[in-house]
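In what follows, a structure is listed as structure tokens, so that the remarks can point back to it.
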Amino acid sequence: MQQEVKITVGAAPVGIIVLAAGQATRMGRLKQLLPLCNRPLVEWSIQSAREARLGPIVVVLHPAVAAAGIPLHPAPEVHPVVNPWPERGQATSLRLGLRALLQTEPSVEAALVVLGDQPLVSADLMRGLVRVFREVRARHTLPRRPAGENSAPLVPVGARPVWNGEPGHPVLLGRRLLSEALAFPASDSMRPLLDRHRERMLFWPAPGPEVVTDVDTWEDYYIIVRRLQRQEQYQGEGERR
């Protein structure tokens, strides 16, 4: 049974941006549409975002992925956006997603950027990252201040999970970072933006390796297929007992 993570009642919504416009050049085909336990791979990220119930969801799609009918289950909280220039990199998709999110819900507290090739990232994990970010902001301090420093405590402007010292996804961009992300120079990733604000990012010890587990190669894909098949088999055996 999954543990329910309590989200502060009355808090401003946190928008979710699912990035699913990549070209998957290393795999030779669009990984977003690869079958994963009877549904396309990207649908796992979309479904987890819906189950998180944090706020509006913008899904930025490759034109061919949109043409395949993704998202499969339209919902009022899900807003698909097509990136007509997927070859320009992740930053283009992020800006498209942010613009659509702020048009949909101008009062968002933050934006949670989710990768469409991380099907193991759950709704509980998304809510957990938001909860920790809110708790630390409420204390107005980051627990990473150098010893003996007399400057004012740092208030986090964003958050990301970490597994075994490796930063992962999803990445939470606080309200202060949204306008900067929109204006940031073209890049193939969010890395320059996150590096600029590294001292004010909250790094959360993740509960598992799913935050650094994505599908970049066929080997990655088959590992996740086998893992989910074993998980479904185990659950099915438990229900029959």
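Numbers for the structure displayed
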read-out	value
Subset of region 157-183 [open to solvent by less than 20 Å² (accessible area, probe 1.4 Å) and either touching a Gly at 6+ places or on another chain (Cβ under 7 Å) or modelled with pLDDT of 90 or more (or both)]	Val157, Gly158, Ala159, Pro161, Gly168, Pro170, Val171, Leu172, Leu173, Gly174, Leu177, Leu178
Leading residue by the ranking (farthest from Asp117 (Cα to Cα)) among those in region 213-227 that are open to solvent by less than 40 Å² (accessible area, probe 1.4 Å), of a type in the set (A, V, I, L, M, F, W, C) and outside any loop (DSSP other than H, G, I, E, B)	Val225
Pair list, Cβ < 8 Å and 6+ apart or interchain, from region 192-204 residues that are surrounded by fewer than 16 Cβ atoms within 10 Å (Cβ to Cβ) to residues that are not basic (Lys, Arg)	Pro192/Phe184; Pro192/Pro185; Glu199/Leu154
Meets criteria (in contact (Cβ under 8 Å) with a residue 12 or more places away in the chain, hydroxyl-bearing (Ser, Thr, Tyr) and under 19 Å from Ala183 (Cα atoms)) for Ser122	no
Given (1) within 20 Å of Ala181 (Cβ to Cβ); (2) open to solvent by 20 Å² or more (accessible area, probe 1.4 Å), index of the condition Leu72 fails	(1)
Residue match in region 38-56 (condition: among the β-branched types (Val, Ile, Thr) and either in a loop (DSSP other than H, G, I, E, B) or modelled with pLDDT of 95 or more (or both))	yes
Residue list for region 83-117, restricted to those being of a type in the set (Val, Ile, Thr) and within 29 Å of Tyr222 (Cβ to Cβ)	Val113, Val114
Where Ser189 falls short, out of the listed (1) assigned to a loop (DSSP other than H, G, I, E, B); (2) of a type outside the set (A, V, I, L, M); (3) at pLDDT below 95; (4) touching a strand residue (DSSP E or B) at 6+ places or on another chain (Cβ under 9 Å)	(4)
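The values are calculated or read from the model by the stated rules, or taken from the named source; none is laboratory data. Everything numeric in this text was worked out from a predicted model, so none of it was measured. We place every Cβ from the backbone using ideal geometry, glycine too, and count neighbours over all the protein chains shown. Heads up: the accessible areas ignore ligands, DNA and RNA and are worked out on the full protein's heavy atoms, side chains in. Shrake-Rupley method; radii C 1.70, N 1.55, O 1.52, S 1.80 Å.
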